[in-house]
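*Asks:* First the structure, which I've put down as structure tokens, then a few questions once you've had a look.
The values are calculated or read from the model by the stated rules, or taken from the named source; none is laboratory data. What you see is a predicted model; the values in this text were computed from it and never measured. For neighbour counting, all protein chains shown are included, and Cβ atoms are generated from backbone atoms with ideal geometry for every residue, glycine included. The accessibility values were calculated without ligands, DNA or RNA, using every heavy atom of the protein model including side chains. Shrake-Rupley method; radii C 1.70, N 1.55, O 1.52, S 1.80 Å.
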Amino acid sequence: MAREAQVSRRVLTVPNVISLGRLALVPVFAVLITRGDDVWALAVLAVSGISDWLDGVIARRFDQVSRLGQLLDPAADRLFILVTLVALAWRDVVPLWLVVVLVGRDLLLACLLVPLARHGYGPLPVHFAGKAGTFALLYAFPLLFLAEMSGPVGTIASALGWAFAWWGIGLYWFAALLYLAQARTLLRPDRVTA
């Protein structure tokens with residue numbers, strides 16, 4: 001049986017530094033994509049996806065799971081996904097409906113934070129489905145960006161990018177349903193008044 005990682009209150013950990021670095025890359029990506037520096041924007045997007053995976057691996061492998069990291073990592077993911085979606089939609093790389101579907105999910109879950117906080121609960125723990133959905137989306141975006149190229153690279157990138165996007169959308173919303181069910185259980189009248 002795998003042992004559960006201990007959650008510390010440490011602030012300065014390698015995974016937290018990686019997550020902060022990913023947050024710092026958000027405005028860099030936005031500037032690059034709006035200026036048309038596509039190669040550099042794609043590189044930043046790829047580094048962001050890799051760093052998302054890397055901080056989790058390091059946190060678990062070296063017992064550096066922290067409360068700050070549990071808040072910082074998903075926040076960095078959400079912000080990067082939002083900025084990437086808006087930038088790619090602005091460039092007509094992805095359709096507007098994709099922005100609405102993904103941002104709508106995050107807004108729905110953000111609405112849960114108020115009643116949870118009112119009853120003394122913090123943000124819900126991240127589910128594997130949510131992590132997998134985020135992972136798929138962070139792979140989809142660079143591929144959809146590459147799909148703008150003509151020829152076989154663009155064709156293959158388009159097929160792979162949309163496959164990752166659809167898996168990401170499905171997993172993202174499946175995780176949202178899990179969060180809603182978890183919040184419903186926590187906020188049941190018999191549990192709240194106990």
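*Asks:* Considering the stretch 139-189 alone, what residues qualify as being of a type in the set (D, E, K, R) and more than 16 Å from A46 (Cβ to Cβ)?
*Replies:* As a first pass, look at the stretch 139-189 and keep what is of a type in the set (D, E, K, R): 148, 184, 188.
R184, R188, listed by residue number.
Conditions tested, residue by residue: (1) touching a helix residue (DSSP H, G or I) at 6+ places or on another chain (Cβ under 6 Å); (2) in contact (Cβ under 8 Å) with a residue 24 or more places away in the chain; (3) in a loop (DSSP other than H, G, I, E, B).
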position: A132; (1), (2), (3): yes, yes, no
position: A159; (1), (2), (3): no, no, no
position: L180; (1), (2), (3): no, yes, no
position: R184; (1), (2), (3): no, no, no
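*Asks:* Do we have any residue at all in the stretch 94-115 that's open to solvent by less than 30 Å² (accessible area, probe 1.4 Å) and more than 21 Å from L177 (Cβ to Cβ)?
*Replies:* The answer is yes, given that some residue of the stretch 94-115 is open to solvent by less than 30 Å² (accessible area, probe 1.4 Å) and more than 21 Å from L177 (Cβ to Cβ).
Table: residues versus (1) surrounded by fewer than 16 Cβ atoms within 10 Å (Cβ to Cβ); (2) within 27 Å of I33 (Cα to Cα); (3) modelled with pLDDT under 90; (4) of a type in the set (K, R).
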| site | (1), (2), (3), (4) |
| --- | --- |
| L124 | no, no, yes, no |
| A132 | no, yes, no, no |
| F135 | no, yes, yes, no |
| L138 | no, yes, yes, no |
| L146 | no, yes, yes, no |
| G151 | yes, yes, no, no |
| T155 | yes, yes, no, no |
| A159 | yes, yes, no, no |
| A175 | no, no, no, no |
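*Asks:* Can you find a residue in the stretch 161-177 that is part of a helix (DSSP H, G or I) and farther than 18 Å from I81 by Cβ? Lay out the reasoning, then the answer.
*Replies:* Pass one, the stretch 161-177, residues part of a helix (DSSP H, G or I): 161-177.
Then keep just the ones that are farther than 18 Å from I81 by Cβ; that gives 177.
So far as the stretch 161-177 goes, yes, one or more of its residues are part of a helix (DSSP H, G or I) and farther than 18 Å from I81 by Cβ.
*Asks:* Could you tell me whether any residue of the stretch 52-73 is touching a Phe, Trp or Tyr at 6+ places or on another chain (Cβ under 9 Å) and at negative phi?
*Replies:* Checked against the condition, which is being touching a Phe, Trp or Tyr at 6+ places or on another chain (Cβ under 9 Å) and at negative phi, the stretch 52-73 yields at least one hit.
*Asks:* Select from the stretch 25-43 the residues that are more than 15 Å from the chain's Cα centre (by Cα) and aliphatic (A, V, I, L, M) and list them in ascending order.
*Replies:* V28, A30, V31, L32, I33, V39, A41, L42, A43
*Asks:* Quick one: is F164 under 23 Å from C111 (Cβ atoms) and open to solvent by 40 Å² or more (accessible area, probe 1.4 Å)?
*Replies:* Considered against the rule, which asks whether it is under 23 Å from C111 (Cβ atoms) and open to solvent by 40 Å² or more (accessible area, probe 1.4 Å), F164 comes out as no.
*Asks:* Which of the residues spanning the stretch 56-77 are open to solvent by less than 60 Å² (accessible area, probe 1.4 Å) and either closer than 21 Å to A175 by Cα or not hydrophobic (A, V, I, L, M, F, W, C) (or both)?
*Replies:* G56, V57, Q64, S66, G69, L72, D73, P74, A75, A76, D77, listed by residue number.
*Asks:* Among the numbered criteria (1) at pLDDT below 90; (2) open to solvent by 30 Å² or more (accessible area, probe 1.4 Å), which one does A24 miss?
*Replies:* It is condition (1) that A24 fails.
*Asks:* Do the conditions hold for F80, that is, is it out of contact with any Pro (no Cβ under 8 Å at 6 or more places or on another chain), in contact (Cβ under 8 Å) with a residue 12 or more places away in the chain and over 16 Å from G168 (Cβ atoms)?
*Replies:* Spelling it out, it is not the case that F80 is out of contact with any Pro (no Cβ under 8 Å at 6 or more places or on another chain), in contact (Cβ under 8 Å) with a residue 12 or more places away in the chain and over 16 Å from G168 (Cβ atoms).
*Asks:* Here is a further query. Which residues, taken from the stretch 42-63, are among the hydrophobic types (A, V, I, L, M, F, W, C) and within 18 Å of F135 (Cα to Cα)? Steps first, answer last, please.
*Replies:* If we filter the stretch 42-63 for residues that are among the hydrophobic types (A, V, I, L, M, F, W, C), which is where we start, we get 42-47, 50, 53-54, 57-59, 62.
L42, A43, V44, L45, A46, V47, I50, W53, L54, V57, I58, A59, listed by residue number.
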